[in-house]
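Trainee: Before I ask anything, let me first share the structure, which is written out below as structure tokens.
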Amino acid sequence: MDVEKLGIQDKKATYDEIKAYVSEKYGYKVSSLYIAQVKERAGIQKRENYNIGEGKGVVPHCPPEKEEAIKDALRHFGMI
């Protein structure tokens with residue numbers, strides 16, 4: 001079955017590929033947490049996270065400039 005003929009897109013970049021793209025193009029270091037936050041806002045389904053903490057502490061939020069860089073990477077890889 002040819003996936004392209006069905007119109008199904010199953011392009012997925014790894015977090016490391018996204019980090020490398022953002023670092024090379026923008027010079028930013030982005031965390032997996034920031035990538036996950038942007039993917040969630042974009043409606044990209046993620047797999048279940050089994051490494052969930054105790055819920056203590058403050059969760060940092062992705063700064064707007066890094067969010068735009070991550071969105072660019074997601075567009076580059078055909079994910080949005």
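The values are calculated or read from the model by the stated rules, or taken from the named source; none is laboratory data. Quantities reported herein were computed from a predicted structural model and do not represent experimental measurements. Cβ placement follows ideal geometry from the backbone for every residue including glycine, while neighbour counts extend to all protein chains displayed. Ligands, DNA and RNA are excluded from the accessible area calculation, which covers all protein heavy atoms including side chains. Shrake-Rupley method; radii C 1.70, N 1.55, O 1.52, S 1.80 Å.
Trainee: Would you mind telling me the share, in percent, of accessible area of the stretch 17-80 contributed by carbon and sulfur at probe 1.4 angstrom?
Mentor: Working: 2290 of 4600 Å².
Taking all protein chains in place, the stretch 17-80 shows 50 percent carbon and sulfur surface.
Trainee: Given a Förster distance of 30 angstrom, what is the FRET efficiency for GLU68 paired with ARG47, based on the Cβ-Cβ distance and rounded to 0.05? Can you show the working numbers first?
Mentor: Numbers: r = 25 Å, r/R0 = 0.82.
The pair GLU68/ARG47 has a calculated efficiency of 0.75.
Trainee: How many nm separate the modelled label positions at TYR26 and THR14, each set 7 Å beyond the Cα in the direction of the Cβ?
Mentor: Distance between label points: 2.1 nm.
Trainee: Right, something else. Please enumerate, by chain and number, the lysines with C-alpha under 27 Å from the C-alpha of LYS12, excluding those fewer than 8 residues away in the same chain.
Mentor: LYS25, LYS29, LYS39, LYS46, LYS66, LYS71
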